[in-house]
Amino acid sequence: MPKLEFRPARAEDMGTLLALIKELADYEHLVHEVTATEEILTEWIIEKQKAGVIFPVLDGEIIGYILYFYNFSTFLGKAGIYVEDLFIRPKHRHQGYGKQLLKYLVDKAKNEGLGRVEWTCLDWNRPSIDFYLSLEAVPMTGWTVYRLTEDKIAKLCDTIKE
């Protein structure tokens, strides 16, 4: 059986990452929301280092990715990791690769002394929900995610004066 390896994304991987992001967006019925480009990903992930990406590699083939960034819990007084995306290409699912990829990131969090690893999941995505529950992840109830998009950020900045 081939061994799964893990490696961080490099600048030359941004085309592959963008293709994987579009595959995930297609699965989530959200491909119309993808505005990222290779240049944008390079700027924010490689140059500004605002997020990290780990690729699972099987026999030299990138089979998915996990994209994460650090957050902070004031209650814990510690940093944590927020997983934005966890994606394994369909032909490689149900073989334990997603679990190994998440474990790789969880090991990173443990080794760095972080307080938690969190993510969100679409309510209709039963396969992913079942996967997360099998890992003993706990769904958070009583919390609603709020979002300001780029246009709303601009509007808010323009309307609230000092």
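Only the coordinates and a few stated rules stand behind these numbers; no lab work does. Everything numeric in this text was worked out from a predicted model, so none of it was measured. Methodologically, a virtual Cβ is constructed for each residue, glycine included, from the backbone with ideal geometry; neighbour enumeration extends over all protein chains shown.
So what's the gap between the Cα centers of segment 41-96 and segment 1-29, to the nearest angstrom?
Centre-to-centre (Cα) distance: 9 Å.
Mind listing the long-range amide H neighbours of Arg116? Cut-off is under 5 Å, sequence gap 5 or more, other chains count too, H placed in the peptide plane at 1.01 Å from N.
Result for Arg116 returns Ile81.
If I model a spin label as a point 7 Å beyond the Cα along the Cα-Cβ vector, how far apart are those points for Thr35 and Leu148 in nm?
In this crude label model, Thr35 to Leu148 measures out at 1.6 nm.
For a 28 Å ceiling on Cα separation, which of these pairs sit above it: Lys48/Lys108; Lys50/Lys91; Lys50/Lys110?
Working: Lys48/Lys108 20 Å; Lys50/Lys91 30 Å; Lys50/Lys110 20 Å.
From the list (Lys48/Lys108; Lys50/Lys91; Lys50/Lys110), the Cα-Cα distance tops 28 Å for Lys50/Lys91.
Positive end of the charge dipole of the chain (Lys, Arg +1 and Asp, Glu -1 on Cβ, about the Cα centre): tell me which of Thr149, Leu24, Leu101 has its Cα farthest that way.
Leu101
Taking Cα pairs under 8 Å and at least six residues apart, what relative contact order does the chain come out at, in percent? The partial results should precede the final answer.
Values: 167 pairs, mean separation 26.9, N = 162.
Once divided by the residue count of the chain, the mean separation gives 17 percent.
Summing -39500 (n - 2.57) over the DSSP H runs of n ≥ 4 in the chain and dividing by its residue number, what mean residue ellipticity at 222 nm do you reach, to the nearest 500 deg cm²/dmol? Before the final figure, lay out the partial values.
Values: 5 runs with 52 residues, N = 162.
About -9500 deg cm²/dmol.
Hey, got the dipole for segment 4-159? About the Cα centre, +1 on K and R Cβ, -1 on D and E Cβ, debye to the nearest 20?
Details: 18 positive and 24 negative charges, 117 e Å.
Using only the charged Cβ atoms, the result is roughly 560 debye.
Which aspartates and glutamates, if any, have their Cα less than 15 Å from the Cα of Lys3, not counting same-chain residues under 8 positions apart?
Asp59, Glu61
When we measure straight from the Cα of Lys103, which aspartates and glutamates land under 19 angstrom away, once same-chain ones fewer than 8 places off are left out?
Answer for Lys103, where 19 Å is the Cα cut-off: Glu5, Glu84, Asp85, Glu112, Glu118, Asp130, Glu136, listed by chain and number.
Each residue of segment 78-91 in turn: what ³J(HN,Hα) in whole Hz from Karplus with 6.51, -1.76, 1.60 and θ = phi - 60°, glycine and Pro shown as x?
Each residue's phi maps through the Karplus curve to give 9, 6, x, 10, 10, 8, 7, 9, 10, 9, 10, 4, x, 5 Hz.
Identify all lysines with a Cα-Cα distance to Lys152 below 18 Å; exclude those on the same chain that are fewer than 8 residues away in sequence.
Lys161
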